[in-house]
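Engineer: Once you've had a glance at the structure underneath, I'll fire off some questions.
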Amino acid sequence: MTRPSHQGHTDPTVQPVPASVVERVDAADTTLQNPKRAVVSLGANLGNRLETLQGAVDALEDTPGIRVKAVSPVYETEPWGVEPGSQPSYFNAVAVLKTTLPPSSLLERAHAVEEAFHRVRDERWGPRTLDVDIVSYAELHSDDPQLTLPHPRAHERAFVLAPWHDVDPQAELPGHGPVADLLGTVTREGVTPRQDLELRLPE
């Protein structure tokens, strides 16, 4: 390799970058090799709900092989399947990811993030410190009971569709069509935008 000109020793901008550094940067950057687009929904209804959602976004961003590309506005949602007033309402949001992780590894990471916030998977309709659900992964269809893709109930959940449409108006749910069209078929009752709240995209 030819040496840079005489100032090369003092000017780091013209020094060749070691290959090992390039590999590390690529592994952690938006230039992930052949990344797939994944959409995850986030929900919390215990403790400091906004802080929990932000913590989940940050934890996903801190995962090697994941980049958080967009975060939706926050919605407040009445809990499903329980007596009114018996649990706090949810804060919900959607994050759009680019990832090189396969779906099974992304699911493991989603569960690890939930567990970091002391999520206990006991009651189906019980209160949640944090929910991290994979809504879609590229165009993948999977009937695996551990990870059904796209999420089998996403097409009927306004608390997923509304924030997803906000962050990506052209989005499509594989096998179901445009999110905008799906949103027109579901009730938004009990799903309220919280314009006073905001999640930050990790820097």
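Engineer: With a bin width of 10 angstrom, please list the P(r) values of the stretch 51-181 as percents of all Cα-Cα pairs, from the 0 bin to the one holding the largest distance.
Structural biologist: For the stretch 51-181, the pair-distance distribution reads 12, 42, 40, 7, 0.
Engineer: Leaving out ligands and nucleic acids, note down the accessible area per residue over the stretch 31-196 with a 1.4 angstrom probe, in whole Å².
Structural biologist: In whole numbers, the stretch 31-196 has 49 Å² accessible per residue.
Engineer: Could you please report the charge total around LEU183, scoring K, R as +1 and D, E as -1 over all other residues with beta-carbon less than 15 angstrom from its beta-carbon?
Structural biologist: Local charge sum for LEU183: -3.
Engineer: Please give me the summed charge of the neighbours of TYR75: other residues whose Cβ is under 14 Å from its Cβ, Lys and Arg +1, Asp and Glu -1.
Structural biologist: Summing Lys/Arg as +1 and Asp/Glu as -1 gives -3.
Engineer: Quick one: which residues, 5+ away or cross-chain, put their amide H under 5 Å from the amide H of GLU172? H built at 1.01 Å from N.
Structural biologist: VAL179
Engineer: Contact order normalised by length for the stretch 152-203, with contacts defined as Cα pairs under 8 Å and 6 or more residues apart; what percent is it?
Structural biologist: Once normalised by length, the contact order is 32 percent.
The values are calculated or read from the model by the stated rules, or taken from the named source; none is laboratory data. Bear in mind the structure is a predicted one, so any value in this text is a computation, not a measurement. Positions of Cβ are generated from backbone atoms using ideal geometry, with glycine treated the same way; all protein chains shown enter the neighbour counts. Areas reflect the complete protein model, heavy atoms only, side chains present, ligands, DNA and RNA absent. Shrake-Rupley method; radii C 1.70, N 1.55, O 1.52, S 1.80 Å.
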